[in-house]
1. On a C-alpha basis, how far is the centre of region 149-167 from the centre of region 256-271 in Å? Whole number, if you could?
2. Compute the Cα gyration tensor for region 3-178, then decide on rounded, prolate or oblate, letting a ≥ b ≥ c be the square roots of its eigenvalues: rounded whenever a/c is under 1.5, prolate when a/b is larger than b/c in the other cases, and oblate in all that remain.
3. For 94, 111, what ranking results if the residue with the fewest other Cβ atoms within 10 Å of its Cβ goes first?
4. Among rounded, prolate and oblate, which fits region 230-301 when a ≥ b ≥ c are the square roots of the eigenvalues of its C-alpha gyration tensor, a/c under 1.5 means rounded, and a/b larger than b/c means prolate?
5. Pop a pseudo-label 7 angstrom from the Cα along the beta-carbon direction at both residue 41 and residue 253 and give the gap in nm to one decimal.
6. For the chain, calculate the relative contact order in percent as a whole number, restricting contacts to Cα pairs under 8 Å that are 6 or more residues apart.
7. Full-extension gain between residue 176 and residue 239, please, as 0.36 nm times their residue separation minus the C-alpha to C-alpha distance.
8. Provide the gained length on full extension for the span residue 327 to residue 11, in nm with one decimal, where the gain is 0.36 nm per separating residue minus the Cα-Cα distance.
């Protein structure tokens, strides 16, 4: 199988000034044509570090993708480093890129400067793929087997995400023209309600029985649950898909409704899809989550079709005067209680006229807990036209993580209640 390494160059990445997003886009594209990414590496603006690091990557991979360090300023040293790495004896002016630079500058009302023209100068050892979205050309260096023990190619691109990701189709087309590609089959299973350790224990026997060519990865996230990814590298696509489906049949029996999707998605998209397909609507009454559930729901395009609105009832007075929670309930049971969230859910459903509503009240921390109601406790209520259900969970995280888990748990509970009505 052809393998690849993805490298980013720039001190700004290493000091945390910017976040590398290019690598993930390239990794997905490479996986899509059967190129396995073995490593993602970042290194700083040091000529010798760049050269030695890229030599190592080229020895171990057939394809190396490099982004960054190709600007018009003197501190961008990637091009000189690549010239030295490739044994360049001089530079040449790439007329195609020069024409693009002139067009871009003209459209901005700018004159061509020497530093702009210099960007069209490339080592005589490289081929150029025109960068139609920016001024720095995409340089392609091809190495014979005598240099690194196998034929390999290095692609150097600007680090600007708009330009780097815009060049992906051209890079992929060039790779397909020079390397054989294999099928890589990935299948994503989204789960919620089981911590990673408990999930691993629950499916331990199933995982141990997986065929050797199927690889399993666990990818936990407080807002989406634990994502399971099954992968087969190489082989025939139809056969790989059939193999994975056989294993999924067994996994569904083990996990049941802890599985909420069999694609790379999230809880808010899943809830939205269920509501849209059934023609139903929803609303929220949030206390401890402070509007996060509503934010997650409305982050999905088209959510206006099923989301009616919410009440962020942080204060008890809002719970009572807006949502209609009887003061006696809060006095007797407290705001963080089954009785309170039930009335909150029923109140917001009545106010908005929605088919479903979800309510939260809890103690996110770091203070406010008691032995009876510890930090991390949340009560969740879901109301439908014919019933109101309440659920409680305790999470032991910091405030931010607790709020995320409160919101995600509320969405998961809502998801299950909708599925119950739809007989899913």
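1. Taking the Cα centre of region 256-271 as reference, the centre of region 149-167 is 34 Å away.
2. Rounded.
3. 111, 94
4. Note, shape of region 230-301 comes out prolate.
5. Using points 7 Å along Cα→Cβ, the separation is 4.6 nm.
6. 11
7. Working: separation 63, 0.36 × 63 = 22.68 nm, distance 2.25 nm.
Gain on stretching residue 176 to residue 239: 20.4 nm.
8. Taking 0.36 nm per residue and subtracting the Cα distance, the gain is 107.9 nm.
Here, each number is a calculation from the coordinates, and none is a lab measurement. Just so we're clear, the structure is a prediction, and the values are computed from it rather than from any experiment. In this analysis, Cβ positions are derived from the backbone assuming ideal geometry, glycine residues included, and neighbour counts consider all displayed protein chains.
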